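The values are calculated or read from the model by the stated rules, or taken from the named source; none is laboratory data. Being a predicted model, the structure only gives us computed values, none of them experimental. Cβ placement follows ideal geometry from the backbone for every residue including glycine, while neighbour counts extend to all protein chains displayed.
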Amino acid sequence: MADTQNTRRSRGRPRDWHDKTEQNTVKSLDRALYVFKHLSLGESKPLTELAEETDQSPATVYRILITLQGQGLVEFDPEDQVWHIGPQAFVIGSRFLRRTSLVERARPIMRKLMETTGETANLGIEKEGKVLFLNQVETHESIRAFFPPGTLSDMHSSGIGKALLAHMDVDRRLRIIKTMLLESYTKFTITDADALDRDLDDIQNRGYSIDNEERNLGMRCIAAPVFDFNREVIAGISVSGPTSRVGTENLPAISVDVMHAARALTEAIAGTSPFV
């Protein structure tokens, strides 16, 4: 059994796979990928500008571009004399997106967020006008929030729900809000449509939402949005815990941690955050 496992392992990587020393890197490939990634940051660039920005000679960059062009990864516009990303780059990126699981990518980020804040981390999406919780990493504290995968919650009284609503396009947001009953769960629940709209505008401006005992008294939640490659909000990540630990005095620090986690997940699924 052990021999079989070793054989399988060797097919994907050599024994010294973890060795990143110079002898195990392909310098020319590393240089080419650096040029390719730099070109991807802009819409198009002439050869001389790309060479200058990557600190390479024009001859070296030209050979790299010709090689990448042969694979369809870059294209040359003879009229404007500029290079830009080619269609094969999109094909490869699409294959990555098909393989990528939101929950799979979120798990280590959520675990780190829980360890950093000491509070339960949650992942949720919008499903038919509700928040559908997909995953959770629980804190080790005895008093904690609990949203098992599959739980549905009203968006207007949820940190993730409000983070999602705040960053949707206006038409989609209005359609969802029209279907809501804006039910009151505590004295802090927002039940007025105009007040909710103002809260969502504030959330959009600062980049994170707060469920301030709006669903359960004594519990507070901070959430931030996750975006796909079209800069469309597709999920929310949050931490939740009792107000005795998630107090107003540490909200700024926790909100930064949550926003960093949401941005990390956005990057992990090849998304683009509008806050960058």
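From the list Pro87, Pro108, the one residue that fits, being assigned by TED's automatic domain parsing to the domain that holds Asn230 and surrounded by fewer than 16 Cβ atoms within 10 Å (Cβ to Cβ), is Pro108.
Let's see how each residue does on (1) touching a residue at least 24 places away in the same chain (Cβ under 8 Å); (2) under 17 Å from Met114 (Cβ atoms):
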residue	(1), (2)
Ala195	no, no
Arg198	no, no
Arg231	yes, no
Val246	yes, yes
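Residues that are surrounded by fewer than 23 Cβ atoms within 10 Å (Cβ to Cβ) and in contact with a strand residue (DSSP E or B) (Cβ under 8 Å, 6 or more places away or on another chain) were ranked within the stretch 211-223; the one that is farthest from His156 (Cα to Cα) is Gly218.
Among the residues that make up the stretch 69-82, is at least one of them assigned to a helix (DSSP H, G or I) and over 24 Å from the mean Cα position of the chain (by Cα)? Yes - at least one qualifying residue is present in the stretch 69-82. Selection of the stretch 135-153 for residues being of a type in the set (D, E, K, R) and either under 22 Å from Leu102 (Cβ atoms) or surrounded by 19 or more Cβ atoms within 10 Å (Cβ to Cβ) (or both) yields only Glu138.
Yes/no matrix, rows are residues, columns are (1) at pLDDT 95 or above; (2) more than 24 Å from Thr139 (Cα to Cα); (3) outside the structural domain of Arg105 (by TED's automatic domain parsing):
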| position | (1), (2), (3) |
| --- | --- |
| Ser158 | yes, no, no |
| Asp171 | no, yes, no |
| Thr179 | no, yes, no |
| Tyr185 | yes, yes, no |
| Ala223 | yes, no, no |
| Val226 | yes, no, no |
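Scan the stretch 224-239 and tell me whether some residue there is farther than 16 Å from Leu164 by Cα, surrounded by 22 or more Cβ atoms within 10 Å (Cβ to Cβ) and within 18 Å of the chain's Cα centre (by Cα). No: zero hits. Among residues belonging to the stretch 24-52 that are surrounded by fewer than 16 Cβ atoms within 10 Å (Cβ to Cβ) and outside any helix (DSSP H, G or I), point out the one that is modelled with the lowest pLDDT. So, considering only residues that are surrounded by fewer than 16 Cβ atoms within 10 Å (Cβ to Cβ) and outside any helix (DSSP H, G or I), the one modelled with the lowest pLDDT is Thr25.
Listed by first and then second residue, the pairs linking a residue in the stretch 117-146 that is touching a residue at least 40 places away in the same chain (Cβ under 8 Å) to a residue that is surrounded by fewer than 18 Cβ atoms within 10 Å (Cβ to Cβ) and hydroxyl-bearing (Ser, Thr, Tyr), with Cβ atoms under 7 Å apart and 6 or more places separating them unless they lie on different chains, are Gly129/Thr179. Return only the number of the condition from (1) assigned to a strand (DSSP E or B); (2) under 17 Å from the mean Cα position of the chain (by Cα); (3) not aliphatic (A, V, I, L, M) that Lys112 does not satisfy. Among (1) assigned to a strand (DSSP E or B); (2) under 17 Å from the mean Cα position of the chain (by Cα); (3) not aliphatic (A, V, I, L, M), Lys112 violates only (1).
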